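Following: one structure in structure tokens, then a few remarks.
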Amino acid sequence: MRITVDAEANAAYVEIAPDVQDGDAVEQVVIERPERGDVVLDFDAAGHLLGVEIIGANELLRRSVLAKAEHL
């Protein structure tokens with residue numbers, strides 16, 4: 001598992017499946033967190049969870065998680 005953070009976009013990605021490529025996710029399920037951000041679950045064609053995108057990372061993740069993440 002790998003966590004990356006884009007501070008400029010205030011977004012993070014938790015990669016659950018190894019080597020997720022553009023286009024691998026064919027279904028996204030959005031969980032809205034009003035006034036905080038969104039969490040997007042990415043699934044492949046077989047229905048497997050590939051990763052989790054966190055929009056509003058500063059508001060939704062603990063500082064300790066952000067500090068340990070790989071910064072892009």
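Please treat every number below as a calculation from the coordinates, not as lab data. A quick note: this is a predicted structure, and the numbers were derived from the prediction, not measured. In this analysis, Cβ positions are derived from the backbone assuming ideal geometry, glycine residues included, and neighbour counts consider all displayed protein chains.
Within the group L50, L72, which residue is under 12 Å from the mean Cα position of the chain (by Cα) and in contact (Cβ under 8 Å) with a residue 24 or more places away in the chain?
Answer to the check: L50.
Report yes if L61 is out of contact with any Phe, Trp or Tyr (no Cβ under 8 Å at 6 or more places or on another chain), buried (at least 16 other Cβ atoms within 10 Å of the Cβ) and either of a type in the set (G, A, S) or in contact (Cβ under 8 Å) with a residue 12 or more places away in the chain (or both), otherwise no. Outline the logic, then answer.
Values: out of contact with any Phe, Trp or Tyr (no Cβ under 8 Å at 6 or more places or on another chain): yes; buried (at least 16 other Cβ atoms within 10 Å of the Cβ): yes; either of a type in the set (G, A, S) or in contact (Cβ under 8 Å) with a residue 12 or more places away in the chain (or both): yes.
When the stated conditions are applied, L61 passes them.
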* Asked: Based on what the data block shows, is V20 free of Cβ contacts under 8 Å to residues at least 60 places away in the same chain, surrounded by fewer than 13 Cβ atoms within 10 Å (Cβ to Cβ), aliphatic (A, V, I, L, M) and out of contact with any helix residue (DSSP H, G or I) (no Cβ under 8 Å at 6 or more places or on another chain)?
  -> no
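Out of everything in the range 1-59 that is of a type in the set (S, T, N, Q) and not in a loop (DSSP other than H, G, I, E, B), what residue ends up being farthest from A69 (Cα to Cα)?
Q28
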